[in-house]
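Working notes, beginning with the structure itself.
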């Protein structure tokens, strides 16, 4: 006898109190949009009023509700958010980063926190489950006293839209000149000062395209002038065409002092861009040295310069690393692989 009982889709609320741009913010938008294609789910996005994010959600028919998610003085906004969440009546609430998690109470739903870094555990103890995007973050959560059977490892996936390489002339870079590409918030944690010092030691005319913005921008620009490499560094600001930039670059460089996952590593793999990275938390977990990328010690200018030189001088070696990285992406980090893991996890915790 066939069971014709209709199964209602799981109702999932995604909560982010983030900036307009950033790694976590971009992934938040990406996963909500990708999960919109899954018939087993229906979603609502609770976030700040960012127009580009609203447009992205509208395009895939996902409702977005905007709140300030401010400090304690915004108590009325906090109350309105909680009432809206209660009215939506979700089965699962998935929070991203500290503020959204701390402002979301427990309720008649499974409260799940997604952590992309080694955040202060005090914001997360009230949750029912925790997703760590690296094995290192998961170990940190368990060592902090959270129950091991409710800590889950699910990595990120990247924007898989295919892109054509950009014209090097678009950034006044002559043909034949090696392009190094780096991306991220211009913050001390990202180690871009080390990359600039390494560039000054590289035995070629290589040019660095540095995409991003942040508090260290003026200091980095000053350092460029002090090192005499102003003609070899292009500050691109925030960019939405990362795949195209990866396709254009000869090497991707991740010089971070601290990097929880290093989603940018996965983006480089997807785009078959050879890479050199420092041994910060995320890259060290992802990269097998000399197989799918090169690893160098943190804050070691000469080692970073030497690794970059070795790939500039040996394009076949660089291409082999990139191909191995692409295979790693397809096996463990593809969109279908990660979406499948989220769906399985949602089903498991609501059965």
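Condition first: under 26 Å from residue 324 (Cβ atoms), in a helix (DSSP H, G or I), free of Cβ contacts under 8 Å to residues at least 12 places away in the same chain and in contact with a helix residue (DSSP H, G or I) (Cβ under 9 Å, 6 or more places away or on another chain). Can you find one or more residues in the range 281-288 that meet it? Yes; the residues of the range 281-288 include at least one that is under 26 Å from residue 324 (Cβ atoms), in a helix (DSSP H, G or I), free of Cβ contacts under 8 Å to residues at least 12 places away in the same chain and in contact with a helix residue (DSSP H, G or I) (Cβ under 9 Å, 6 or more places away or on another chain).
Here is the figure for the range 118-136: residues that are out of contact with any helix residue (DSSP H, G or I) (no Cβ under 7 Å at 6 or more places or on another chain) and at pLDDT below 95 total 1. Only one of the numbered conditions (1) assigned to a loop (DSSP other than H, G, I, E, B); (2) more than 19 Å from residue 118 (Cα to Cα) is not met by residue 294, and that is (1).
Every test in (1) within 23 Å of residue 239 (Cβ to Cβ); (2) touching a strand residue (DSSP E or B) at 6+ places or on another chain (Cβ under 8 Å); (3) in contact (Cβ under 8 Å) with a residue 24 or more places away in the chain is passed by residue 100 save one, and that test is (1). Screening the range 218-273 for residues that are part of a helix (DSSP H, G or I) and without any contact (Cβ under 8 Å) to a residue 24 or more places away in the chain and picking the one that is nearest to residue 22 (Cα to Cα) gives 218. Are any residues in the range 137-171 out of contact with any strand residue (DSSP E or B) (no Cβ under 6 Å at 6 or more places or on another chain), over 24 Å from residue 29 (Cα atoms) and modelled with pLDDT under 95, and if so, which ones? Within the range 137-171, 165, 166, 167, 168, 169, 170 qualify. Does residue 295 fit the bill of being free of Cβ contacts under 8 Å to residues at least 60 places away in the same chain, closer than 27 Å to residue 239 by Cβ and touching a helix residue (DSSP H, G or I) at 6+ places or on another chain (Cβ under 9 Å)? It is true that residue 295 is free of Cβ contacts under 8 Å to residues at least 60 places away in the same chain, closer than 27 Å to residue 239 by Cβ and touching a helix residue (DSSP H, G or I) at 6+ places or on another chain (Cβ under 9 Å).
Table: residues versus (1) within 25 Å of residue 24 (Cβ to Cβ); (2) touching a strand residue (DSSP E or B) at 6+ places or on another chain (Cβ under 9 Å).
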position	(1), (2)
256	yes, yes
262	yes, yes
268	yes, yes
297	no, yes
315	no, no
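Residue-wise test of (1) within 21 Å of the chain's Cα centre (by Cα); (2) within 30 Å of residue 185 (Cβ to Cβ).
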| site | (1), (2) |
| --- | --- |
| 16 | yes, yes |
| 26 | yes, yes |
| 31 | yes, yes |
| 65 | no, yes |
| 79 | no, no |
| 94 | yes, yes |
| 97 | yes, yes |
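Taken as a whole, the structure places residue 328 among residues that are under 30 Å from residue 40 (Cα atoms), in a helix (DSSP H, G or I) and not assigned by TED's automatic domain parsing to the domain that holds residue 35. Put simply, of 118, 123, 79, 28 the only residue that is touching a residue at least 24 places away in the same chain (Cβ under 8 Å), outside the structural domain of residue 260 (by TED's automatic domain parsing) and surrounded by fewer than 18 Cβ atoms within 10 Å (Cβ to Cβ) is 118. Determine if the range 193-206 includes at least one residue that is touching a residue at least 24 places away in the same chain (Cβ under 8 Å), under 30 Å from residue 337 (Cβ atoms) and either assigned to a helix (DSSP H, G or I) or under 18 Å from the mean Cα position of the chain (by Cα) (or both). Checked the range 193-206: no residue is touching a residue at least 24 places away in the same chain (Cβ under 8 Å), under 30 Å from residue 337 (Cβ atoms) and either assigned to a helix (DSSP H, G or I) or under 18 Å from the mean Cα position of the chain (by Cα) (or both).
Taken over the range 301-341, the residue count meeting the criterion of being surrounded by 15 or more Cβ atoms within 10 Å (Cβ to Cβ), out of contact with any helix residue (DSSP H, G or I) (no Cβ under 7 Å at 6 or more places or on another chain) and in contact (Cβ under 8 Å) with a residue 60 or more places away in the chain is 6.
The values are calculated or read from the model by the stated rules, or taken from the named source; none is laboratory data. Because the structure is a prediction, the values reported are computed rather than measured. Glycine gets a Cβ as well: all are built from the backbone with ideal geometry, and neighbour counts include every protein chain shown.
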